[in-house]
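Report on the structure given below.
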Amino acid sequence: MLRYFIRKLFVYGLTFVVAVTIDWAIPHLMPGNPVLTLVGRIQVQDPKVAQQLYDHYMRAFNLDLPLWKQYGYFWISLFHGDLGTSILEFPTSVTSIIVHAIPYTLGLLIPAILLSWYAGNKVGALAARRKVLDNSVLPASYALTATPYMWLAILLVFVFGITLSLFPVGFAYSPTAVRGFTWSFGVDVLHHWFLPFLSLFLVSFGGWAIGMRNMIIYELESDYAHYLEALGAPQRLVRKYAFRNAMLPQITGLALVLGAIIAGALVTEIVFSYPGLGYQIYRAITNEDYFVIQGIFLFIIVGVLIANFVVDIVYVIVDPRTRIGMQGGRS
Amino acid sequence: MKHVWRRTTAGLALVALAAVAITASAGASPTKHSSPLAGYPRSQTLITSGTQWGNIAGTNPYTGNYAAGMIGLDLETLLRFNPVTGNYINWLAKSATWTAAKRFKIVVRSGVKWGDGKPFTGSDVAYNLRLARFNTSQWHNLYLNVKAIAAHGNTVMVVFKGTPNYIQWQNAMWNIPMISPSQSKTIITNAASLTTYSPGNPIGTGPYQMDSKGFDPTTRVVWVKKAHWWAADQGISPSPKPKYIIDLVNTSNTNSLAAVLAGVEDLNNNYLPGVNKLVDTGKVSTYYKKAPYMLSANTAWLEPNTTHKPLNDPVFRRALAESININQIVTQDYQNLVLPASPTGLLPTWSKYVDQAAVKANGFKYSTADAVKLLTNAGYKRDSSGMFMNKDGSKIDLDLSVPQGWSDWEAARDMIISSAKTAGIRITAKVKDFNTWQSDRNTGNFDLVVDNNYQISDNPWTYWNGIYHLPILTTGTGQTNFNFERYSNPAAWALVQKLDRTPLSNTAAIKEINSKLQTTLMKDLPLIPLWYNGQWAQFTSKYWTNWPAAGSRQYTPVMWGGYLQMTGIDMFTPLNLMGGADPSTHPTRRPRGRRPGGAPAPAAPSKESPCFATSSGSSSSTA
């Protein structure tokens, strides 16, 4: 078991270094210079002053150093827990931008992932044994899962936000809301949260439902299911076993699609102007805010790696074969 | 197992929701206790948007991304400038005048108080002027020419070493924000700290103060009206009506449009394509009821790289200018939301500087036939496809770029390409994202770009300085702020410098220099003026009425940086609540005494007219 985890940790460590290096390199290799935009926003009448301001900010961000040195400083700062300062929102620190944005993103992601996974599996399992459900849920699920996150989000904004005016289409709370632990503010936050959540939920739901429906049908046709039936086991028991076995690929699937769901959350936030990490990263990329891009992607990389690791552990717990396999036994 | 899953899922969902609520409530707010208010009362709140892109960086007016309203609502300036009348307004300064060629005297208005109750004095002004000693201040170049700044009571005397830059200095007087020395003195100690200074509760002299509990860098800045404001107390200006002003961060044009239509925003300062239709159907209103709907803000032009062949030939540039159907851009692309630019490019606010005779003699007009004739007479020949070639017989294929996604400019680009093609000039669109476009423009890696660089100001010097600035930097970052067209005309540049050092009272010399500079522009066309971008402002009347309008309430209707201290701040004073109730919960004393301009104060501030004093010669006269 320990060897298994050490091997996993090594792979994760290696992935981390490579991913973070790419994360650093991409913004730095993009054409353009964010400091020019920063200085351009200050109305300066004398080019000498503009040049001095430019030099000042280039030094402040270490952008006047050769790339290899910048890369070195990047790792040193990283180990000191310093993600740097936003260029466009100077002097705001990247950490404060991330800390501000994380709860919004997690508030969307965690319920969307877990609820869609749970509901998708349940409905998929039901669809596998009821003709009516199979004929309605299956095509709907195919349509949903094939829908790009952004497109569904735009559709929801158009229908429920603009045409029906049932939900707001921007920000995490109303412009006139006073923040605090009050019912009215809580309801306001939920009102703003619902549509972005729904768009993430629906797309993911479709995928899980199809997967589960197919797996259940496969499992119910397998030898052990027929054997149980032949022994006279009740249908309920047979289905329970089929469901458990069908869960395993779904857990693996969760690990595999985690990255895609996070990417989906990012674009969803942009559509809804929901101030989470996706919205911030979009701002950062369009303005070449190197340190914000790096910081947020770093957070996402770490988040995805941790989530995958958790899924690995969960897999070991729910599948006795893996556990036994790791202990040298035979399944 | 199933039940465990269900409980876990529901539990996690609740935790996540709670996390969102907690962060939203605490978030960036420095204080975590809840406010007694359930929400800012909409009937006392004005909601604006269209100024802040991205997160709000903070409250430092020396950086470019400070909270909207920082200068104007909170911090104030010594003077203000009215672009409609062309007059300066004595504001924190009772007067600001040249007493000798190198001596500038500022008399601070008495009775002005900082938000913390301390009186605003001459030494506070001197402190703020001295901040320009740091090379991270945008006024550092002016400070280098200052010999001494001395404050005695309410008087500040500035003595210059050499001939002062009269025009730049005058411009600085209505742009340098007065920040509180007691709040900043110990923090701003060097050039770097001037750029990082960003207090959570900035203390100013203006009518509003920031509500730090409401501030959220990703969403909004909230301004709360002070109980007392010197200008209202002294009867110089009516008190602004809204108790709260909330400026929302820009999200997207689509969301802006939705927010305007839903009445979520009262004032929106985005360019909203097709807004003329909403005005015509009465859904929103604008400064003018009909075209051009908006006041002008800056000149959009076609910027040729004058170092590239054949754009280095003034005749070719003129032919190019004459090939462009500007009216098509104005009527079809902008649907008359903009005005076509004068051949001088000078904004309407500078119309008094336009030399009509020079325009008649040198101005260009759209005429494909004339463009063709010009090129043919200059020796340009056509190739087999009918397009003009360089004089050496090589192919002409100019690239033209605008920042990707700026749809109005993209449409203008296509119209320019198409009309130039009719005149035999081959131009190809080149798609570049904003950063690449900007970087290429600064380093000269372009043939043609559509651009707009210099905002409306008190003097066309800012415009000429941008166009003719020398030297042209070819290394490093290239041109950062000026002369992107790389036009080298030392005589014109000398005139620009001379203009800067001409006293504002010498109107004849100023007129003459302006005339020469515009003649050069029209003859050489280092830039091809196309149209005037507007001060985009859409008002909704769901909650507030009596918005700025031509003829009566002639105020700059935008929250953009630099505009509130023009007459932007005045737009909040005549506002009325829909339904007529007075939202002002704070008593405004009736005006007393005399207005600084000399005229007796009106019995009560009129809601229809500007109630501030203009400096018709006392402080600083415009040319």
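With the convex hull drawn over the C-alpha atoms of chain B, the volume per residue is 201 Å³.
Per residue of chain A, the DSSP helices (runs of n ≥ 4 H) give a summed -39500 (n - 2.57) that works out to -26000 deg cm²/dmol at 222 nm. This ranking places B:SER552, B:SER137, B:SER439 by how few other beta-carbon atoms lie within 10 Å of each, fewest first, which gives B:SER552, B:SER439, B:SER137. For chain B, the membrane-span-like helix rule (DSSP H, alpha carbon extent of at least 27 Å along the helix axis, mean Kyte-Doolittle at least 0.5) picks out B:2-26; this says nothing about an actual membrane. Computed over the stretch B:114-239, the percent of Cα pairs more than 21 Å apart is 50.
Mean per-residue shielding of peptide B:250-256 is 5, counting Cβ atoms of other chains within 10 Å of each Cβ. Under the simplified labelling scheme, the B:LYS542-B:THR474 pair shows an inter-label distance of 5.7 nm, with each label point 7 Å from Cα along Cα→Cβ. Springs between Cα atoms under 10 Å define the GNM used for chain A, and in it the highest mean-square fluctuation of A:ARG213, A:ARG41, A:ARG239 occurs at A:ARG41. Mean residue ellipticity, 222 nm, helices only, chain B: the sum of -39500 (n - 2.57) across DSSP H runs of n ≥ 4, divided by residue count and rounded to 500, is -7500 deg cm²/dmol. Here the Kirkwood formula, the inverse mean of 1/r across different C-alpha pairs, assigns the stretch A:32-135 a hydrodynamic radius of 18.2 Å.
Distance distribution note for the stretch A:239-331: the fraction of Cα pairs above 21 angstrom is 49%. Here B:LYS102 is the anchor, and the aspartates and glutamates within straight C-alpha reach of less than 16 Å, apart from those fewer than 8 places off in the same chain, are B:ASP500.
Overall, the ratio between the Cα radius of gyration of the stretch A:206-257 and 2.2 N^0.38 Å, rounded to two decimals, is 1.21. Over all directions, how big on average is the projection of the convex hull of the alpha-carbon atoms in the stretch B:296-392, in square nanometres? Projected over every direction and averaged, the Cα hull of the stretch B:296-392 covers 7.7 nm². Taking the Cα centre of the protein assembly as shown as origin and assigning +1 to Lys and Arg Cβ atoms and -1 to Asp and Glu Cβ atoms, the resulting dipole is close to 1420 debye.
Of A:HIS192, B:HIS469, A:HIS226, the sequence from fewest to most neighbouring Cβ atoms within 10 angstrom is A:HIS226, B:HIS469, A:HIS192.
Report the residues of the stretch B:320-349 in range of a label on B:ASN377: point 7 Å along Cα→C-beta, backbone N strictly under 16 Å from it. Under 16 Å, as judged by backbone N against the label point of B:ASN377, lie B:320-323 of the stretch B:320-349. Among beta bridges identified by DSSP and lying wholly in chain B, the antiparallel ones come to about 75 percent. Take each residue in A:87-95, count the other chain C-beta atoms within 10 Å of its C-beta, and the mean is 5. Beta-bridge orientation, the protein assembly as shown: approximately 75 percent antiparallel, per DSSP, counting only bridges with both partners inside.
Sorting A:229-237, A:102-110 by their mean Cβ neighbour count within 10 Å, with the most densely packed peptide first, gives A:102-110, A:229-237.
Remark: chain B carries a charge dipole of roughly 1280 debye about the Cα centre, counting +1 on each Lys and Arg Cβ and -1 on each Asp and Glu Cβ. The angle between the Cα long axis of helix A:131-145 and the main principal axis of chain A comes to about 20°, on a 0 to 90 degree scale. Across peptide B:54-61, the average count of Cβ atoms from other chains found within 10 Å of a residue's Cβ is 5. In terms of the Cα gyration tensor, with a ≥ b ≥ c the square roots of its eigenvalues, is the stretch B:411-561 rounded because a/c is under 1.5, prolate because a/b exceeds b/c, or oblate? Oblate is the answer for the stretch B:411-561, as a/c is 1.5 or above yet b/c matches or exceeds a/b. Derived value for the stretch B:220-341: Kirkwood hydrodynamic radius 18.4 Å. Basis is the mean of 1/r over every pair of different alpha-carbon atoms. Across q = 0.15 Å⁻¹, chain A modelled as identical point scatterers on its alpha-carbon atoms has Debye log10 I(q)/I(0) values of -1.27, in the order of the q list.
Cross-link partners for B:LYS432 among the lysines, with Cα-Cα distance under 24 Å and sequence neighbours closer than 8 places in the same chain left out: B:LYS309, B:LYS395, B:LYS421. Remark: the protein assembly as shown is approximated by an ellipsoid whose semi-axes, taken from the C-alpha gyration tensor as √(5λ), come to 55, 35, 27 Å, largest first. Counting every other Cβ atom within 10 Å of each residue's Cβ, A:PHE181, B:PHE215, B:PHE81 order from fewest to most as A:PHE181, B:PHE215, B:PHE81. Note on B:SER488 and A:LEU29: their simple-model spin labels are 3.7 nm apart, each label 7 Å out from Cα toward Cβ. In this calculation the C-beta distance from A:TYR142 to B:ASN312 is compared with R0 = 51 Å, giving a FRET efficiency of 0.25.
Taken together, the values in this text are just the output of simple stated rules run on the coordinates, not laboratory data. Just so it is clear, the model here is predicted, and its values are computed rather than measured. Cβ coordinates were reconstructed from backbone atoms using ideal geometry, including for glycine residues, and neighbour counts include every protein chain displayed.
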